[in-house]
Amino acid sequence: IIIDIIGHTIMPKITLPDGSIRSYDQPVTAFDVCVDIGSGLAKSMLAAEIDGKLVDCSTRIDKDVLFKVITNKDSAGLEIIRHSTAHLLAQAVKQLFPEAQVTIGPVIEDGFYYDFSYERPFTPDDLTAIEKRMKELVKQALPVSRRVMTRDDAIALFESQGEHYKVEIIKDIDSAEELTAYEQGDFIDLCRGPHVPSTACLKAFK
């Protein structure tokens, strides 16, 4: 049992969409709760909604919350898949074209895109190679992890990688806003998230 700094026992109560409540005698992650609900559901979990906010599967819960599992059957799940696939695309491009610089890669109404700065336009052959590399990264089932960073650390990291556009984006973000990045294998990108827990979750793209 975990005790907080004022001596109270932390026993979070998780209220599910059907109104049922699950109680725990210590902090748990969103994934832990999903596993408790059912192993089958856990296999399809992409993220969670906690008190109305979308969060990663690894998010720690140490208080009473409203909880919902997000899968690919949810509209929010589709958006998370698209956003995570944009990161997958960027990772593949950086591996194949190390000199390319990443800018932004948002979700749009019917998919996603990612802007790159490179010495020449990508060709159809390049796109074929990028898609092939993306599929290889999916097979590797790379864990996707969230990292909270200070502004100085984030600037130093992306400057060291030659990602000048990312540095400019960071400098434009309000200093009071928490900076987070998502890492998978050899790739890290500035992002609010949430994202899928593993590249293995990304199965359909062209």
Once the in-chain neighbours fewer than 8 apart are removed, the lysines whose Cα is under 24 Å from Lys135 read Lys43, Lys73, Lys94, Lys203, Lys206
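With r defined as the distance between the Cβ atoms of Ser44 and Ser160 and R0 fixed at 30 Å, what FRET efficiency is calculated, to the nearest 0.05?
The formula returns an efficiency of 0.20 here.
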Counting other Cβ atoms within 10 Å, keep those with at most 13, restrict to DSSP loop, and tell me which GluC sites (Glu not before Pro) in the stretch 92-131 are left. Glu99, Glu109, Glu119
Could you check the simple spin-label distance between Ile173 and Ser23, using points 7 Å along Cα→Cβ, in nm with one decimal? 3.9 nm
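For the chain, which span is the longest to avoid every loop-located (per DSSP) member of chymotrypsin sites (Phe, Trp or Tyr not before Pro) having at most 15 other Cβ atoms inside 10 Å?
The reported range is 1-112.
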Backbone N under 12 Å from the Gln95 label point (7 Å along Cα→Cβ), restricted to the stretch 155-198: 184-187
So what is the 222 nm mean residue ellipticity for the chain from helices alone, if each DSSP H run of at least 4 adds -39500 (n - 2.57) and you divide by all residues, rounding to the nearest 500 deg cm²/dmol? -10500 deg cm²/dmol
If the label point sits 7 Å along Cα→Cβ of Ala76, residues of the stretch 35-49 with amide N under 19 Å come out as 35-38, 41-49
Length-normalised contact order for the stretch 48-189 - Cα pairs under 8 Å, 6+ apart - percent: 18 percent
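Counting only protein heavy atoms, what percent of the accessible surface of the chain is carbon or sulfur at a 1.4 Å probe? Walk me through the intermediate numbers first.
Values: 6070 of 11720 Å².
Its accessible area is 52 percent carbon and sulfur atoms.
Order the peptides 146-155, 172-181 from the highest to the lowest mean number of other Cβ atoms within 10 Å of their residues.
Details: 146-155: 14.5, 172-181: 11.1.
Final packing ranking: 146-155, 172-181.
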For Phe116, residues with placed amide H under 5 Å, excluding near neighbours: none
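Once the piece of chain linking Glu136 and Glu183 is laid out straight, how much longer is it, given 0.36 nm per residue of separation minus the C-alpha distance between them?
Working: separation 47, 0.36 × 47 = 16.92 nm, distance 1.70 nm.
This chain segment gains 15.2 nm when fully extended.
The values are calculated or read from the model by the stated rules, or taken from the named source; none is laboratory data. Quick caveat: nothing in here was measured; it's all calculated off a predicted structure. Because the Cβ atoms are built from the backbone with ideal geometry, glycine has one as well, and the counts that use them run over all protein chains shown. These accessible areas exclude ligands, DNA and RNA; they are computed on the full protein's heavy atoms, side chains included. Shrake-Rupley method; radii C 1.70, N 1.55, O 1.52, S 1.80 Å.
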